[in-house]
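Inspection log for the structure reproduced underneath, given as structure tokens.
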Amino acid sequence: MKASGLIAGVSATTVAATSLADVYTTSHYWLPSPTNFQKRFLATGSMAYAINGGTGSLPGGVMYGAVAGITDGGFGAFDNSLDTVFLLANGTINYEALYMMGYRGIGGITMIGKEFAKGFYDMGDDKVYAYYQGCSEGGRVYDDIIPGAPAIRYGQEQANHLYSNVVEKTLDYYPPSCELERIANATISACDPLDGKKDGVVARTDICKLYFNVNSTIGLGFGKGKRQMGMGSSAPAINGTVSAKGAVVAQTIMDSLHNSKGRRAYISYQPSSSFSDAETSYSSVTDSYELSIASTGGEWITRFLELRETDNLSTLDNVAYDSLRDWMELGWKRYEDVLQTTWADLSKFQSAGGKILTFHGESDQSIPTGSSAHFYESVRDIMYPNMKYNESTTSMGDWYSLFLVPTNLAVMINWVENGVTFQTLNATHLAGEYEGQNAQLCAWPLRSYWADGERMERVYDQASINTWKYDFGAYDMPLY
């Protein structure tokens, strides 16, 4: 176990009291050397149902002079996830595990870790700055957090993984994966230069949504003799062109889930995202592509809603758009206090000096990018109801920033400990003509535009901002 400045890896078994029973959790901490310690603690989470990302996430704290920790959540092992321990028996929820996943587990390693750091480094009454960094999962109890693509609406997010499958079944068309891949690649090619710079990246999916027509992909060739892999069995080499049915499937997926009355139930992925939830499987028996139910969504329905010890649905017969909407509402109601986590009044968090730096990839194919934009807008509406739009976003910028790109812990540390505010983030092109060059990224709601392909401007574009605003009329209650 080695890392720059690391002196030890420490494991500890701790007890987190609950209202039902005592839950025994195992925590693991990495410590920087005393000369490198900067009075910081970093708790790390992971994604989906995993409460930790293993020891691979700990160097990210040590390198910034922080004690860094992970927990097993009381799940029995560090590589066990919530879904493996969620049901005590069919129909019986393991509430201890559920709440450990929701906030107690990571909250526990933070309280213990901070005190451990104060004692180990003989800090006395000095303050320990506590941070959380993770992707998708966790970070529900922090003063200063960096959530990456947070899955803050489990009720909607998990069931949403089935939407692409229900689209295919409803339209009775199951495209080979390479057809949807061709549509995605054509979207990237067409929308790449819309931010003023052609660099192989769609940095302005909002403009893409306004101007790109999926029907323009009809007739484009795909395949080139490649064999398609279909969920455990190989399909014959396929060549073809994008069909009108394939374009309709793609567009319907991007249009997002609406109920039978045409009212929105949730958000879909941005144009240029892959259609991974829509992957089909090839059947050698029928010599055709067939429905392949996305297990991420299927397991949510069977295990967390129907409370059955099984990891996927066996069929989507009789499942319609209204069925998905109803499943979303059920998950929302059942887990609102622990996994839904969309309380939009963050006044206490703000008044305590807390700061949030959220990042979300524009082409996220698992958690819709609009999810983070919608929560930001919900907080703004609730906390600044009497301010004009630009005035309210300026006020929020003092403590809550959203970037539709990745970022890192160093930015948060400089913001929290040194009061250094920022309007853009540094980024580096990782591929294409501009590989290795710097790029500046804007905090929401401003967006980047490259005038003449070279000079970056921070622009306010109301039409593009409107593409990130959603009215969830499918529910009687507001969805934040």
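The values are calculated or read from the model by the stated rules, or taken from the named source; none is laboratory data. On a predicted model such as this, the values are computed, not experimentally measured, just so you know. All Cβ positions, glycine included, derive from the backbone under ideal geometry; neighbour counts span all protein chains shown. For the accessible areas, the whole protein counts, side chains as well, though only heavy atoms, and no ligand, DNA or RNA atoms are used. Shrake-Rupley method; radii C 1.70, N 1.55, O 1.52, S 1.80 Å.
Overview of results
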{"quantity": "Test: residue in region 35-46 that is assigned by the TED database to the domain that holds Asp125 and at pLDDT below 80", "calculated": "no"}
{"quantity": "Those residues of region 33-57 which are of a type outside the set (Lys, Arg), in contact with a strand residue (DSSP E or B) (Cβ under 6 Å, 6 or more places away or on another chain) and over 24 Å from Leu98 (Cα atoms), in sequence order", "calculated": "Ser33, Phe41"}
{"quantity": "Among the residues listed as Asp172, Asp206, Asp199, the single one being out of contact with any Phe, Trp or Tyr (no Cβ under 9 Å at 6 or more places or on another chain) and assigned by the TED database to the domain that holds Leu330", "calculated": "Asp172"}
{"quantity": "Residues of region 346-366 satisfying the condition of being open to solvent by less than 20 Å² (accessible area, probe 1.4 Å) and charged (D, E, K, R)", "calculated": "Glu362"}
{"quantity": "Total residues in region 1-34, condition open to solvent by less than 30 Å² (accessible area, probe 1.4 Å), modelled with pLDDT of 50 or more and of a type in the set (Val, Ile, Thr)", "calculated": "2"}
{"quantity": "Residue within region 119-138 that is of a type in the set (Ser, Thr, Tyr) and open to solvent by 50 Å² or more (accessible area, probe 1.4 Å) present", "calculated": "yes"}
{"quantity": "Lone qualifier among Gly397, Gly370, Gly353, Gly331 - being over 20 Å from the mean Cα position of the chain (by Cα) and touching a residue at least 60 places away in the same chain (Cβ under 8 Å)", "calculated": "Gly353"}
{"quantity": "Strands (runs of 3 or more DSSP E) enclosed by region 232-316 - at least 3 residues per element that are charged (D, E, K, R) and within 22 Å of the chain's Cα centre (by Cα)", "calculated": "none"}
{"quantity": "Members of region 360-370 found to be closer than 15 Å to Pro445 by Cβ and either in contact with a strand residue (DSSP E or B) (Cβ under 6 Å, 6 or more places away or on another chain) or not in a helix (DSSP H, G or I) (or both), listed by number", "calculated": "His360, Glu362"}
{"quantity": "Residues within region 311-345 that are in contact with a Gly (Cβ under 9 Å, 6 or more places away or on another chain) and open to solvent by 30 Å² or more (accessible area, probe 1.4 Å), tallied", "calculated": "11"}
{"quantity": "Subset of region 156-172 (residues that are surrounded by 24 or more Cβ atoms within 10 Å (Cβ to Cβ) and assigned to a loop (DSSP other than H, G, I, E, B))", "calculated": "Leu162"}
{"quantity": "Selected residue (criterion: surrounded by the most Cβ atoms within 10 Å (Cβ to Cβ)) from residues of region 94-109 that are more than 19 Å from Ala151 (Cα to Cα) and in contact (Cβ under 8 Å) with a residue 60 or more places away in the chain", "calculated": "Ile109"}
{"quantity": "Condition broken by Val202, with the remaining ones in (1) more than 30 Å from Trp343 (Cα to Cα); (2) at pLDDT 95 or above satisfied", "calculated": "(2)"}
{"quantity": "Options Gly74, Gly91, Gly54: the member that is buried (at least 18 other Cβ atoms within 10 Å of the Cβ) and not acidic (Asp, Glu)", "calculated": "Gly74"}
{"quantity": "Looking only at region 148-173, and only at residues there that are among the aromatic types (Phe, Trp, Tyr) and at pLDDT 95 or above, the one that is nearest to Leu313 (Cα to Cα)", "calculated": "Tyr163"}
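Results for (1) part of a loop (DSSP other than H, G, I, E, B); (2) at pLDDT 85 or above, shown as yes or no for each residue.
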{"residue": "Thr394", "(1), (2)": "no, yes"}
{"residue": "Thr421", "(1), (2)": "yes, no"}
{"residue": "Gly453", "(1), (2)": "yes, no"}
{"residue": "Ser464", "(1), (2)": "no, yes"}
{"residue": "Lys469", "(1), (2)": "yes, yes"}
{"residue": "Leu479", "(1), (2)": "yes, yes"}
